[in-house]
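Each remark here refers to the structure printed beneath this line.
Derivation of every value follows stated rules applied to the coordinates shown; laboratory data play no part. All figures in this text were calculated on a predicted structure; none of them were measured in a lab. Cβ atoms come from the backbone with ideal geometry, glycine included; neighbour counts cover every protein chain shown.
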Amino acid sequence: MTDPIGLGAVGTQSSDRVRVESLSWATANGAVNAVANAGLCVLECPECHQRPDIANLQNYLGCTDCSLRLGIPVNYTIAYPAPATKAQFEVARALPATRGIWRWSAMLPVEDPNPVSLGEGNTPLVHLQSLGPRLGLDGLYLKNESTNPTWSHKDRLCASAVTAARALGAQTVAAASTGNHGVSLAAYAARAGLRCVISTISSVPDTMKILMEAYGAELQVVEDWNERYQLIADGVRDEGWFACSNSTAVPVGSTPYGVDAYKTIAYELWEQFGGAPIGAVVVPAGYGDCLAGIVRGFEDLRTAGLLEAWPKFIAAEVFGRITQSLKSIEPTTGPYGVSPTAAFSIGGAYTTHQALYALRTSGGTAVSVSEDEILETQASLASLEGFYAEASSCVAVAAAKIACRSGLISSNLPSVVVSTSTGLKDTKATQKWLQQHRENPVVRVGERSDLTV
Ligand SMILES: [Zn+2]
């Protein structure tokens, strides 16, 4: 095993934020980077509270002891030096919103005066004034994550994860991805001057592959879904890659240094609603990175005394994996049956411990959406509101409708759907649906009276 990591530069873990100072190395493109005074929080298992050595990149596969005891992998979370405070939030709010997620860096796992950034975060919150009432939710809002630099929520995760990888001295960042994660990681690796390897499957939409390659990533295209993870795990073990995504066959989730960057979605929602109570937050979920991060962000707000009650967290899913795992008495995350889905970003036969833990500790639940509802919702969201969202985002909108009709969401308080990415990355699914449901006959001038005004 090679050891490209500057282990000597990583200080003691007796304090909760490890300082990494004056570390330098040659990057993939030959430049020499230097990172001074980056601060990384340590990791902690949410079940047994063990704290692993963060310089050992294989520890990002999760807590071994709890995996053996529970039979499912357990992702580490971040241990902060102290609970978030009202004063920290006040300082952050006084900073320019254009700093995006880094405005909140005192509450994030990575503190770096020069983070790897493309301007992520600070995304709009928009009232769905036409579609909301039709779904029974007059106060339904959309958090539009497609305004991020690579048009998805993953930019929050990758900005933080790549900054952490750089601080730890990794020369290669890697991910197993069906799309958004790989595109985003490729862009942030390019920004940092690091090598990027993406392991993906052959059925990924061409737009995703084109974007990954345009940003300079090396693609490993495989046929089997689980081979992707083995390729990344091998790279971590043998070549010291920093895995930004899940890399275990039974999924554990993405690096905690990325997952906690999603806390900023909670902070922004709190600010955008002016601190008023939020009834429900509906998040597309498979492995639950975004969901877990958002729940932890709201936990910070409650700890700081800035929000009295949890919103109702709803994992919007396909295949019913989270729903069934929540009902199970024995710990399980799958496998469950799968079928082709337009919402491939949240596909897969498993969910994760972190998704279940986030819902159980916050009183949340899951709502499963059928394939027919996904693209119908995509068409409604686009034609009634002007948002062309990716299919996985539309799972959240459809789940909000179902949750309202079953009484899980009250219309008395505003509710939010997190729209994770744009539909432009996979127009073929939309095209197929439109061909089945819309007619556009060929028209010649003079043949239709309504065209000859
Ligand atoms: Zn543990």
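Among the listed pairs Lys86/Lys401; Lys327/Lys428; Lys209/Lys327; Lys263/Lys432; Lys401/Lys428; Lys327/Lys432, a Cα-Cα separation exceeding 32 Å is found for Lys86/Lys401; Lys327/Lys428; Lys209/Lys327; Lys263/Lys432; Lys327/Lys432. Protection proxy ranking for 53-64, 107-118, using the average of other Cβ atoms within 10 Å per residue and placing the highest first: 107-118, 53-64.
Farthest toward the positive end of the dipole of the chain, out of Asn122, Pro441, Val283, is the Cα of Asn122, where the dipole comes from beta carbon charges about the Cα centre. Would you work out the charge dipole size for the chain about its Cα centre, treating the Cβ of every Lys and Arg as +1 and the Cβ of every Asp and Glu as -1, and quote it to the nearest 20 debye? So the dipole magnitude of the chain works out to roughly 640 debye. Along its first, second and third principal axes, ordered by size, region 181-280 spans 47, 30, 28 Å in Cα coordinates.
Taking a ≥ b ≥ c as the square roots of the Cα gyration tensor eigenvalues, region 146-201 comes out oblate, since a/c reaches at least 1.5 and a/b does not exceed b/c. DSSP assigns beta bridges within the chain; of those with both partners inside it, close to 40 percent run antiparallel. Computed over region 381-435, the convex hull of the alpha-carbon atoms projects to a mean area of 4.4 nm². Between helix 180-192 and the chain there is an angle of about 50 degrees, using the helix long axis and the longest principal axis of the Cα atoms. Here the calculated FRET efficiency for Cys48 and Ser410, from their Cβ-Cβ distance with R0 = 51 Å, stands at 0.85, rounded to the nearest 0.05. Subtracting the Cα-Cα distance of Glu239 and Asp224 from their residue separation scaled by 0.36 nm leaves 3.1 nm. Please give the helix 154-167 orientation as an angle from the longest Cα principal axis of the chain, in degrees from 0 to 90, rounded to the nearest 10. Roughly 10 degrees, rounded to the nearest 10. Listed peptides 439-445, 253-259 appear in the order 253-259, 439-445 once ranked by packing, highest mean of other Cβ atoms within 10 Å at the front.
When the P(r) is computed for the chain, the part past 38 Å accounts for 19% of the Cα-Cα pairs.
Rounded to the nearest 10 degrees, the inclination of helix 371-385 to the longest alpha-carbon principal axis of the chain is 80 degrees.
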